[in-house]
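Here is the structure we will look at, set down as structure tokens.
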Amino acid sequence: MMINTLYYYVAVLSLSLTSVRSDSVRYYYDYECNEPLLETAKLTATSSLRERGPENAQLYGLNAWTASENDFDQQLIIDLGSVKNVTRVATQGRAHSQEFVQEYHISYGSNGLDYARYKAAGGEVKHLTVKLGKRVELRAIATRGRFATSEFVSEYMLLYSDNGESWRVVSDSDGYEKMFGGNHDGNTIVKNEFEVPIIAQYIRINPMRWRDKISMRVELYGCDYVADTLYFNGSSLVKVDLLRDPVSASRETVRFRFKTSVASGALLYSRGTQGDYLALQLRDNRLVLNIDLGSGLLTSLSVGSLLDDNIWHDVVISRNRRDIIFSVDRVVVQGRIRGEFSRLNLNRAFYIGGVPNFQDGLVVNQNFTGCVENMYLNSTNIIYELKQGYETGEPFKYQKVNTLYSCPEPPLVPVTFLKAGSYAKLRGYSGGNTLNVSLEFRTYELHGLLIYHKFKSDGYVKVFLEEGLVKVELFTEGSPKVKLDNYAEVFNDGRWHSLMLTMAPDTLILSLNYRPVKTTKKLKFFTGSSYYIAGGKSGVRGFVGCMRRIALDGNYRLPTDWKPEEYCCPNEVVFDACHMIDRCNPNPCEHGGTCTQTADEFTCDCTDTGYAGAVCHSSTHPLSCQAYSNAAGLTRSADIKVDVDGSGPLPAFPVTCHAYSDGRIVTAVSHAVASSSIVDGYQEPGSFKQDIEYDASRAQLEALLNRSHTCSQRLDYMCRHSRLLNSPSKFSTIVGAAVTRDWLVSQTVGSSFKIQQVVQLRCGISWGYRLKNCIDKYIVIQYLISIN
């Protein structure tokens, strides 16, 4: 008998679908430069999901930007349309969402055909079909919507640019890439305010940590940026007369922006008649601030690196009496001005961009070349005041020489070779018997090809870096291969270096930094048609770094004019920018370690520092004599160095470890006056003083004392017929009496100790008592601190 199984279907037809999300909240701003900037901005991204493009990344919006890939290469790029003053950023994740059906229709049947006919007649109706498997009696249906999980970015980096090509990362006060705290859910708004506003047209957000997917909603706050700019050509300067309005203050602030492609030049200078001066200069692409408050003692601070990259840099100098803060691009250096004075008195001239002649405090002998923008001395915009004075015909105390109220771009277009496989292949004159190639380069790499040219006749010439040295390899027809190594210094220090190679019959001249070296030998060649710059030859490591002013046989072409077939590869060559990172500034090596670097990493040399490890963090010396005894088994005495704070800032210092039969381990610290000191001719009480300089600093001794159980200091006298320790009745004829004194090192509270650096001893008349029978009238004293 045939058994027919009947299946019943229930179709749930959705008549309306509603998505409920968080309510929009109106933004507001509470001070002048805090306007929302994204309303007119253009947003792009490296990748996006469908219907979650960058245009959805608006704060308080119902959607969000979501990257299609979850990796560290995802970026949200914001073009503000013009240069803005950006003061803070606010972020949200993708909002919590609830999706549910408000109304639905039910149809049922034994074979599902009725629902199929209904769908065909009804058109676009969302449906859910349930196969029950047997006949049932339905009395109720329960439904529930969907609650979406949160998607948000919890940590991100910010980069900014004026042109969308040359980018700088926002750093913290120590110079490291700053990680901004993001969101912890999809709805809460998190704001980050910039201590120094970002002045840029392009902002790039690079997510570094996220939940589930990279999803963001963003708003930037700020205002329009108004720039008062001056251009200096190397012979320019601005003079502010201070005779009628001198500066005499204990506090002042100087802030401005600058950009340049020249590594050195005087930026600011002023001085007073009492020896005060302030000198700010660019030296070897670093900013150097020298200041003297009239004491005759120079205080020098330095900050920044690779500042000749033709990108705007923000500078702040803030002084409060003798405390000074020096900042470039949010990297902060703090210092204490030497001397006793706290006021800066300037009553001569205040120079910007250069000086008419060399002055005290300057370490460069050339004026600044480049642009300065919005120069403020306290609340005075000097460039604006200068403009107003000249426009009204009353410049008063301002005078400018060879300056422009604009910032023309220099005719320099650098090119960055990011990988060892990138290169340029440029055409030259073929068949000639002379050759001339010139360029400027900067790199941190030890090895790399700079120039390669194959002659039309047999042979080639190659200029390359080897262990940081610039060398030439030459091979011509009929002559053996030779290698020329004429320069002893290294050129991989990250600075710009000029190179020129000139060849003619029987002559080769290589010039580095305008110092030519001529080589004469039998030389015959005919030039080929192509020059390889920075690589492109197998078996030779390519150059990684920046080049500019590349000229072949006197012809200079901007790298931006190179054709696609003239360089390789598009993603490994960057035009109009020098993309280099100084990984050794600030120095990541601790305890005085020496930092060296390549394009990808840095290395610390910990030689002679007393520390080891990747960044010279781990001390190689024991913490104490007890630790040394535990490790090495001390039986008698040993002269070693101890590092009382381990990997802390205090360096190691020498001690002598003594082991006693009762198990005690005693640490002895010596001093610089180890030999006997003869005290003779000091009749008045307190007339003799002896300074004790131990082999450890005050901070080191305090740290050692705080780790010790007990402390004693021994004072040895060798005296004849003299009261010992000011005893009225006790006379000493013993030579070499050992006395313990506690007034040099005294315990105060808990285990803290106070150290007295000066010792006062009296012979002849002591504490008001006249010494009897003091025949030789001398005391021989020795000091020693013993700690266990």
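The values are calculated or read from the model by the stated rules, or taken from the named source; none is laboratory data. Here the structure is a predicted model, which means the values were calculated and not measured. Protein only, heavy atoms only, side chains kept; ligands, DNA and RNA dropped before computing areas. Shrake-Rupley method; radii C 1.70, N 1.55, O 1.52, S 1.80 Å.
The alpha carbon radius of gyration of region 621-669, expressed as a multiple of 2.2 N^0.38 Å, is 1.09. Computed over protein heavy atoms with a 1.4 Å probe, the accessible surface of region 414-575 works out to 45 Å² per residue. Our coupling estimate for region 445-451, obtained by passing each phi through the Karplus curve with A = 6.51, B = -1.76, C = 1.60 and θ = phi - 60°, is 7, 7, 10, x, 7, 9, 9 Hz, Gly and Pro reported as x. Computed in the context of the full set of protein chains, the accessible area of region 128-224 at 1.4 Å probe radius has 46% of its extent on carbon or sulfur. The amide H of residue 68, built 1.01 Å from its N in the peptide plane, has 47, 48, 49 as neighbours under 5 Å, considering only residues 5 or more places off or on other chains.
Run the reach check for residue 397 against lysines, Cα to Cα strictly under 21 Å, same-chain hits fewer than 8 apart removed. What comes back? Excluding near neighbours in sequence, the set is 239, 387.
For region 484-492, 3J(HN,Hα) computed residue by residue from phi via the Karplus equation (6.51, -1.76, 1.60; θ = phi - 60°) reads 9, 9, 9, 10, 7, 7, 8, 10, 10 Hz, glycine and proline entered as x.
Amide H contacts of residue 448: 465, each under 5 Å away and 5 or more positions distant or on a separate chain (H built 1.01 Å from N in the peptide plane; Pro and chain starts excluded).
Within straight-line reach of residue 42, meaning a Cα separation under 26 Å, sit the following lysines at least 8 residues removed in sequence or on another chain: 84, 178, 191, 213. Translational diffusion coefficient of region 128-224 at 20 °C, 1.002 mPa s, Stokes-Einstein with Kirkwood Rh over Cα pairs, in µm²/s as a whole number. The diffusion coefficient I find is 124 µm²/s. Relative to the globular-protein estimate of 2.2 N^0.38 Å, the Cα radius of gyration of region 495-608 stands at 1.41.
Backbone geometry of region 693-700 corresponds, through the Karplus equation with coefficients 6.51, -1.76 and 1.60 at θ = phi - 60°, to 3J(HN,Hα) couplings of 10, 7, 6, 9, 6, 4, 5, 5 Hz, x marking Gly and Pro.
The amide H of residue 404, built 1.01 Å from its N in the peptide plane, has 231 as neighbours under 5 Å, considering only residues 5 or more places off or on other chains. For residue 471, the lysines whose Cα falls under 27 Å of its own Cα, not counting residues fewer than eight places away in the same chain, are 419, 425, 454, 456, 462, 481, 483, 518, 521, 522, 524, 537.
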